[in-house]
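Enquirer: I'd like to ask you about the structure that follows.
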Amino acid sequence: MIRDLGDGILLRPLRAGDGAHLAEACARNRAHLEPWDPVRPVEFYRAEGQERSILRSLADVADGRMAAFVLADADERIVGRVNLNNIVRGSFLSADLGYWIDSELTGRGIMSHAVGSVCEHARDDLALHRVQAGTLVHNIASQRVLSANGFERIGLARHYLRIAGAWQDHVLFQRILSG
């Protein structure tokens with residue numbers, strides 16, 4: 001799946017060889033992302049570390065446990081990611097959504113478009129029934145992205161994830177994709 005998100009940004013599948021571009025994007029956005037992410041080891045910001053992570057992700061994609069995408073500009077500069085993680089089949093047919101966007105592109109609707117495209121992919125290509133996402137309680141921008149894509153708030157999970165070095169509460173959302 002490749003989608004034009006506007007502003008010269010494409011949504012495309014993650015691929016082997018993206019490590020250097022992804023490391024550069026993570027380093028460039030480190031201060032922007034640190035409040036929303038787990039504490040990252042030094043190798044996370046290096047091409048080799050990102051490439052190892054990409055290969056693990058691509059193995060999960062091949063096994064049907066994940067769908068992994070990047071947002072890239074016309075110069076192939078990576079400016080974001082969207083993942084469907086923990087894909088579960090059987091009677092659940094569900095996945096967890098995760099995403100981030102370059103600090104220079106926030107507030108333009110690009111991530112809302114990307115999330116909508118990935119949800120369509122989840123429904124039409126992966127035949128999933130449900131997508132779930134969680135945001136930090138104070139991450140209003142991310143909550144707006146979810147709301148714009150038909151996600152409904154389903155609860156509050158106390159001490160849900162270890163983010164920025166501390167266990168933090170998250171608001172949980174879901175979108176039902178099929179009847």
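Enquirer: If you count only protein heavy atoms with a 1.4 Å probe, what accessible area per residue comes out for the chain, rounded to a whole Å²?
Expert: On a per-residue basis, the chain sits at 50 Å².
Enquirer: Between ARG56 and GLU104, what is the FRET efficiency for a Förster distance of 30 Å, r being their Cβ-Cβ separation, to the nearest 0.05?
Expert: According to the calculation, E is roughly 0.60.
Enquirer: Next question, about the same structure. Order of 97-109, 37-49 by packing, highest average Cβ count within 10 Å first?
Expert: So the peptides 97-109, 37-49, ranked by packing, come out 97-109, 37-49.
Enquirer: In addition: Using 0.36 nm per residue, how much length does the chain from ASP124 to ASP96 gain when fully extended, once their Cα-Cα distance is taken away?
Expert: The ASP124-ASP96 span can extend by a further 8.4 nm.
Enquirer: From the phi angles alone, apply the Karplus equation (6.51, -1.76, 1.60; θ = phi - 60°) to the range 81-88 and give each ³J(HN,Hα) in whole Hz, x where the residue is Gly or Pro.
Expert: Listing the rounded values in order: 9, 9, 10, 9, 9, 6, 5, 10 Hz.
Enquirer: Dipole size in debye (nearest 20) for the range 3-129 around its Cα centre, Lys and Arg Cβ +1, Asp and Glu Cβ -1?
Expert: 260 debye
Enquirer: Next question. Considering only protein heavy atoms and a probe of 1.4 Å, how much of the accessible area of the chain is carbon and sulfur, as a whole percent?
Expert: It is 52 percent, rounded to a whole number.
Enquirer: Starting at the first residue of the range 150-166, write each ³J(HN,Hα) from the Karplus equation 6.51 cos²θ - 1.76 cosθ + 1.60 with θ = phi - 60°, in whole Hz, x for Gly and Pro.
Expert: Once θ is set to phi - 60°, the couplings for the range 150-166 become x, 7, 10, 6, 10, x, 10, 9, 6, 6, 6, 9, 8, 10, 6, x, 9 Hz.
Enquirer: So, one more: Taking 7 Å along the Cα-to-C-beta vector as the label spot, tell me the VAL39-ASP75 distance in nanometres, rounded to one decimal.
Expert: So the two model labels end up 3.4 nm from each other.
Enquirer: Nearest 0.05, what FRET efficiency do GLU48 and ARG144 give at R0 = 41 Å with Cβ-Cβ as r?
Expert: 0.70
Enquirer: Which one of LEU84, ALA67, GLN174 is farthest out on the positive end of the charge dipole of the chain, using unit charges on Cβ (Lys, Arg +1; Asp, Glu -1) and the Cα centre as origin?
Expert: Highest projection toward the positive end goes to GLN174.
Enquirer: Have a look at LEU161, LEU22, ALA114 and report the one farthest towards the positive end of the charge dipole of the chain, computed about the Cα centre with Cβ charges (Lys/Arg +1, Asp/Glu -1).
Expert: After comparing all options, I get LEU161.
The values are calculated or read from the model by the stated rules, or taken from the named source; none is laboratory data. Owing to the predicted nature of the structure, the values given are computational and were not obtained by experimental measurement. Quick reminder, even Gly has a Cβ in these numbers, built from the backbone with ideal geometry, and neighbours come from all protein chains shown. Note: accessible area is taken over every heavy atom of the protein model, side chains too, but ligands, DNA and RNA are not part of it. Shrake-Rupley method; radii C 1.70, N 1.55, O 1.52, S 1.80 Å.
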